[in-house]
There are 2 protein chains.
Amino acid sequence: MNYSKLKFKIKRMENPITKQRLINTHNRIREYIHNTPVLKSEQINNLMGCDIVFKCENFQKVGAFKSRGAMNAVLSLHKDELIKGVCTHSSGNHAQALARAAKIAKIPAYIVMPINSSQVKINAVKNYGAEITFCESNLEARETTLNKIVEKTGATFIHPYNNWNIIAGQATATKELLEEYESLNYIIAPVGGGGLLSGTALSAFYFADKTKVIGAEPSEADDAYKSFENGKIIPSKNPNTIADGLLTSLGDKTFSIIQQYVDAIMLCDENSIIAAMKLVFERMKIVIEPSSAAALAIIMENKEYFKNKQVGIIISGGNVDLDILFNSLKK
Amino acid sequence: MNYSKLKFKIKRMENPITKQRLINTHNRIREYIHNTPVLKSEQINNLMGCDIVFKCENFQKVGAFKSRGAMNAVLSLHKDELIKGVCTHSSGNHAQALARAAKIAKIPAYIVMPINSSQVKINAVKNYGAEITFCESNLEARETTLNKIVEKTGATFIHPYNNWNIIAGQATATKELLEEYESLNYIIAPVGGGGLLSGTALSAFYFADKTKVIGAEPSEADDAYKSFENGKIIPSKNPNTIADGLLTSLGDKTFSIIQQYVDAIMLCDENSIIAAMKLVFERMKIVIEPSSAAALAIIMENKEYFKNKQVGIIISGGNVDLDILFNSLKK
């Protein structure tokens, strides 16, 4: 079992997110997000030998938990920041989530997107009225382009995960889950940049008595596992996983929370991710993205560890590249 | 527009299904089936220009509406029939649904399955404790094998659609939908053998004031369209559609109800079915089978006709052959 268990609690950075701040965050964003359904599957429980509840953020606005953090970040801006708007670089769910939040708050949004972003994602961001600037598809180009926009517009940069308001927003998914299921033994969340996992860990710490939090990470993008093990951030080198939401590496804020409040990071392989994704499609009739499937893949690979336990899984989203799946159907 | 509108009401056969019988049917099966959720998608409404509610039988037991009819057929047996059990021939959802209903009623179930049935489906039927007899993959072999079993066991043959108890059971999906949305202009249901469509039409007739019912059929399997147009059953010749649940032709009982109570049969092409299926996966994050997608495909192809109308769609099931979809993911 590839299992990186926390050996010592490192307090690398003061955690500014109190229990009250999470309560306030939830109240702030509640009317703009879905309290997503929590689903169960008797068949999957029988196959896995434990009792799983799925918090379905695939049914969240823009199809992912990212709506929570983005909404909180925008609604937490000061008056003078609001006028100038927000900006970010993202090819994925954060871009849509921030564009949507800005539209709701009636402020400008500037999104830097790599030139090779899919047309579906570009259209979605456009439909929320955001201004898109295209750049080359590498981190340096993204950051340079973003900095120019900040200089020109004075917009506030909302980082996709390494931002306290984003982390607090993502935490509300687990807060809701625990309101329905208070005595879970474990909650498993996928870990990419760590926004969802750190939020999950904070909500479990404040709103549950004994729920341990586990990060699910693909072996092919194991920076969180290595960072957790070594007590320092070790970014991924050429990560290569089907779970495209988990390619990013931890930031200092998310890493700090993860070190203090997460119980373990566990690794899963690519075939398990695909098998878990297929199992959820097949038995639950819901569409989940590969990143979400990583959490169930962890249970598939470690059935003894979770035997007879009550486990919550955060289904992070449902934005799958369906072209790949559906091309095989065309005649 | 390929549209076969009812020109005259033919009463070919006495309809034995009264309003009270549908109420009794629903009460009989209620505790063994799900009252499935009714979902909406703002994005799909915007794309289609009308207001659609989806009755999600993909979340039904065994993943399809077939659980309703099978449960009703089994619970409607006489005492002496119950002892001898039930039988059918089916490679699909009806086999599972009947096996499950028999297990609940604690009676034997004998299922004739073509030798080339998928292992997943064979296992599902086995897991419900049914006795499977394999036969060659053609209708004659199925019927011969079934007759032998009936002779030997005295089990009651439960036809997958041409059976009043089956039709009454399938009708309960629309009864539930109308309890939530009473003033729909149209309800669209896919039509294969006609069990779902005839049940849909009966519930609309008894439980709605002005809701018209439309059957959705692939152009490549247009027997219901032709039969409806010509006033007599014209079976499909070599139907060839991705909507594998719609390959069967009408029976005399389902045709009789459809002639009396259905407003129109409309045709859709294969690309629309695939596009509609993809759209539902993408926007609603739910897994539906191609047969279900035919109903949405009808709207896609006839936007003017449904403009600004309130339309109910019966999502018949979610049992997709995921091997085809997921094989493209493997590296």
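The table below lists the values:
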{"quantity": "Which of A:Lys175, B:Lys210, A:Lys66 is most accessible, then next, and so on - probe 1.4 Å", "calculated": "B:Lys210, A:Lys66, A:Lys175"}
{"quantity": "Whole-Hz couplings from phi, Karplus 6.51/-1.76/1.60, listed for segment B:238-252; x for Gly and Pro", "calculated": "6, x, 8, 9, 5, 7, 5, x, 10, 6, 6, 9, 4, x, 5"}
{"quantity": "Pseudo-label separations to other copies for A:Ser219 - Cα-to-Cβ vector, 7 Å, nm", "calculated": "4.9"}
{"quantity": "Relative contact order (%) - criterion: Cα under 8 Å, at least six apart; region: segment B:1-145", "calculated": "16"}
{"quantity": "Average partner coverage of B:41-51, which counts Cβ from other chains inside 10 Å", "calculated": "0"}
{"quantity": "Computed label-point distance, nm, for sites A:Glu304 and A:Asp321 using a 7 Å Cα→Cβ extension", "calculated": "3.7"}
{"quantity": "For B:315-324, mean number of other protein chain Cβ atoms within 10 Å", "calculated": "3"}
{"quantity": "Percent carbon-and-sulfur accessible area, the protein assembly as shown, ignoring ligands, DNA and RNA, probe 1.4 Å", "calculated": "47"}
{"quantity": "Residue of B:Ala297, B:Ala95, B:Ala141 that the Gaussian network model of chain B assigns the largest fluctuation, springs spanning Cα pairs under 10 Å", "calculated": "B:Ala141"}
{"quantity": "A:Glu136, A:Glu217, ranked by accessible area, largest first (probe 1.4 Å)", "calculated": "A:Glu136, A:Glu217"}
{"quantity": "Partner chain coverage, peptide A:278-288 - average Cβ within 10 angstrom", "calculated": "6"}
{"quantity": "Inter-label distance, nm, simple model (7 Å from Cα along the C-beta direction), A:Asp252/B:Asn123", "calculated": "5.0"}
{"quantity": "Distance in nm between pseudo-label sites at A:Asp80 and B:Glu180 (7 Å out along the Cβ direction from Cα)", "calculated": "5.0"}
{"quantity": "GNM top mover of B:Gly318, B:Gly231, B:Gly193 - chain B, alpha-carbon springs below 10 Å", "calculated": "B:Gly231"}
{"quantity": "In order through segment A:109-124: 3J(HN,Hα) via Karplus (6.51 cos²θ - 1.76 cosθ + 1.60), integer Hz, x for Gly, Pro", "calculated": "10, 10, 10, 8, 10, x, 4, 8, 5, 5, 4, 4, 6, 4, 4, 4"}
{"quantity": "Other-copy label distances relative to B:Gln310, 7 angstrom Cα-Cβ extension, nm", "calculated": "4.0"}
{"quantity": "Options B:Thr211, B:Ala64, B:Asn27, ranked by Cα towards positive dipole end of chain B, top entry (Cβ charges)", "calculated": "B:Asn27"}
{"quantity": "Förster-model FRET efficiency, 25 Å R0, B:Phe157 and B:Glu131, C-beta, rounded to 0.05", "calculated": "0.95"}
{"quantity": "Mean residue ellipticity (222 nm) of chain B, computed from DSSP H runs ≥ 4 via -39,500 (n - 2.57), nearest 500", "calculated": "-14000 deg cm²/dmol"}
{"quantity": "Radius 13 Å from Cβ of A:Asn35, net charge of other residues (Lys, Arg +1; Asp, Glu -1)", "calculated": "0"}
{"quantity": "Inter-centroid distance (Cα atoms) of segment A:245-321 relative to segment B:229-264, Å", "calculated": "45"}
{"quantity": "Chains A and B together, accessible area buried on both sides, 1.4 angstrom probe, square angstrom", "calculated": "2600"}
{"quantity": "Distance from segment B:122-163 to segment A:139-163 (C-alpha centre basis), Å", "calculated": "65"}
{"quantity": "Environment charge of A:Leu178, counting only residues whose C-beta is closer than 11 Å and scoring Lys/Arg +1, Asp/Glu -1", "calculated": "-3"}
{"quantity": "Around B:Arg68: net Lys/Arg minus Asp/Glu count, Cβ-Cβ under 11 Å", "calculated": "+3"}
{"quantity": "Whether segment B:66-157 is rounded, prolate or oblate, judged on the alpha carbon gyration tensor where a/c under 1.5 counts as rounded", "calculated": "oblate"}
{"quantity": "Within a Gaussian network of chain A (alpha carbon springs, distance under 10 Å), most fluctuating of A:Ile233, A:Ile115, A:Ile265", "calculated": "A:Ile115"}
{"quantity": "Distances in nm from B:Ser137 to the matching label points in the other copies, shortest first (labels 7 Å along Cα to Cβ)", "calculated": "4.0"}
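The values are calculated or read from the model by the stated rules, or taken from the named source; none is laboratory data. Worth saying up front: this structure is predicted, and the values here are computed from it rather than measured. A quick note on method: Cβ atoms are made from the backbone with ideal geometry, for glycine too, and the neighbour counts reach across all protein chains shown. For the accessible areas, the whole protein counts, side chains as well, though only heavy atoms, and no ligand, DNA or RNA atoms are used. Shrake-Rupley method; radii C 1.70, N 1.55, O 1.52, S 1.80 Å.
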